[in-house]
Structure formats: C-alpha cells, structure tokens
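Below: one structure, written as structure tokens.
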Amino acid sequence: MYTDPDPNPTLTERPNMKFFVDTAEIDAIRELHELGFVDGVTTNPSLIKKSGRDILEVTKEICDLVEGPVSAEVVATEADAMITEGRRLAEIASNIAVKLPLTWDGLKACNVLTNEGKMVNVTLCFSANQALLAAKAGASFISPFIGRLDDISLDGMELIQDIRTIYDNFGYKTEILAASIRSVNHVQDSALIGADVITAPPEVIKKLVAHPLTDKGLDAFLKDAATAGIKIV
Ligand code: E4P
C-alpha cells in the first residue's frame, strides 16, 4: 500500500477561496450546494424582487440550506432604522450577514451591529477609502463592485488590488468580497489578487469549468477508448 513519506498536514486543511452565490433563487443555490461550491450566499433587494419571494421567507429558506454566511440587505437609509431592520434580519438565523450600504448611516449601523456580535457586509463599495472606513467600522465583509466600475470604463480589479494592499498594510481582518462579478475573468483576477471571497451569479460559476480544449480532448479520448474496446467495470 502506498504511504506518503512526507504527509503535509496543511493539504488536509484545504485552503479555501470562498465562493458565494449571488442569487435568491433556491433551486440554483441547491444545485451548486450539492457540488460543494457554496460557501455562502449574497442577496440584495433587486435579487429578492427577481425571485418574487418574501424577503424573510426566502432568506430563511436559504439559511436552512447553506451553512455559510447569507447576506440580507436592509432597505432603510437612516442609521436607527437600519439597526432595527438589521436586528430583525439577524433573527432569521445565526449565519445572517446584515448587508448595509456604504453611507455614513450605514457605517454607524455597522459599528452598532458588529458590537452586538452580528456579521455585517458593507455593500456598494466603489473606492479604497470607502473600504478603509468599512474596515474601521468593524465590517466582516466589504463588497467592492467590480462590474459596475467596468460599466463606466473604470477598472474594477484595480480597486480589489488597492483594498488588498491597504488591508494587508494594517492587518485588517475584514474580508474582501469581490462583487458585481460578470465574467469568468473577474473570478480569476480576484483569485490572483487574493480577494477572500467572490460572489457571482450561478451562470458565471458554472462557466468556470468550460474550456474547448477539454471538450475536444475528451472527445478524442472517448473515441480511442471505444476503438480499443477499453472497459473498466
Ligand atoms: C452582491 O453582493 C451584489 O449585490 C451584486 O454582486 C451586484 O451585482 P450587479 O452589479 O451585477 O447587480
């Protein structure tokens, strides 16, 4: 029997770049969850609207399915009301991350809710200075929006890199959650930079496996296997 002469214990720990799914569609989450690719879920009011579901009901269903953080976003804009909504959302399950917009009121609410021990995801981040404020306010996650910056001809990946540098300079523990991901290249570039988490629509996560040379190579192997009559079981 083969035994590894130098077993590396770190390998058994499976270093993990986290994949969150950016959707409120339960079936899509379930499909990826069964493959072990769902470390968390992000939602926002637009995704809830698209699902056609009640926010409290669908969020509870997602939390019952997924062990990792599930972001649910407040709709109030004033700090006290955000805190009330955040507390209500956090009651749904222990894995709720209250999602707050990057405004002064959002940061105030972030301070209060994180001091209560709740996970907070500060969203709609478009600058490194905003990300610095969110980290100082104790956010668990910061969500820089890559695609929406690219949409206006700015460089979304440059923002991810800048936040990585700033957080590493000072040892901030706030996790960089690369959001508004529109393409497989966004995922790869986020991984190369060292974003802690990506959140992407299910379609983008599914596209990560695709490569024409894989399909072509498999086709050739299967043809040869059939010609040679290779059978394994
Ligand atoms: C996730 O937290 C964001 O709400 C989401 O990624 C936004 O993506 P969009 O810019 O494609 O709407």
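Quick notes
- Considered as a group, the residues in the stretch 141-174 that are crowded, with 21+ Cβ neighbours inside 10 Å and of a type in the set (S, T, N, Q) include one that is nearest to Pro101 (Cα to Cα), and that residue is Ser143.
- So Ile163, is it assigned to a strand (DSSP E or B), within 16 Å of the ligand (Cβ to nearest atom) and at pLDDT 95 or above: no
- Failed item in (1) in contact with a strand residue (DSSP E or B) (Cβ under 8 Å, 6 or more places away or on another chain); (2) within 12 Å of the ligand (Cβ to nearest atom); (3) of a type in the set (D, E, K, R), with Glu175 passing the rest: (2)
- Scope the stretch 184-205; condition away from the ligand (no atom under 16 Å from the Cβ) and free of Cβ contacts under 8 Å to residues at least 40 places away in the same chain; matching residues: Gln188, Leu192, Ile193, Gly194
- Within the stretch 16-125, helices (runs of 4 or more DSSP H) holding 1 or more residues that are β-branched (Val, Ile, Thr) and open to solvent by 60 Å² or more (accessible area, probe 1.4 Å): 79-90
- Criterion applied to Ala139, Ala134 was being within 16 Å of the ligand (Cβ to nearest atom), part of a helix (DSSP H, G or I), modelled with pLDDT of 95 or more and touching a helix residue (DSSP H, G or I) at 6+ places or on another chain (Cβ under 9 Å), and the one residue passing it is Ala134.
- Candidates Glu78, Glu57 - the one that is more than 14 Å from the ligand (Cβ to nearest atom), without any contact (Cβ under 8 Å) to a residue 24 or more places away in the chain and over 21 Å from Ile205 (Cα atoms): Glu57
- For His186: the one exception among (1) open to solvent by 50 Å² or more (accessible area, probe 1.4 Å); (2) assigned to a helix (DSSP H, G or I); (3) not small (Gly, Ala, Ser): (1)
The values are calculated or read from the model by the stated rules, or taken from the named source; none is laboratory data. As the structure is a prediction and not an experimental result, all values here were calculated from the model. As a convention, Cβ positions derive from the backbone with ideal geometry for all residues, glycine included, and neighbour counts pool all protein chains shown. Remember, those area values only see protein heavy atoms, side chains included, never the ligands or the DNA or RNA. Shrake-Rupley method; radii C 1.70, N 1.55, O 1.52, S 1.80 Å.
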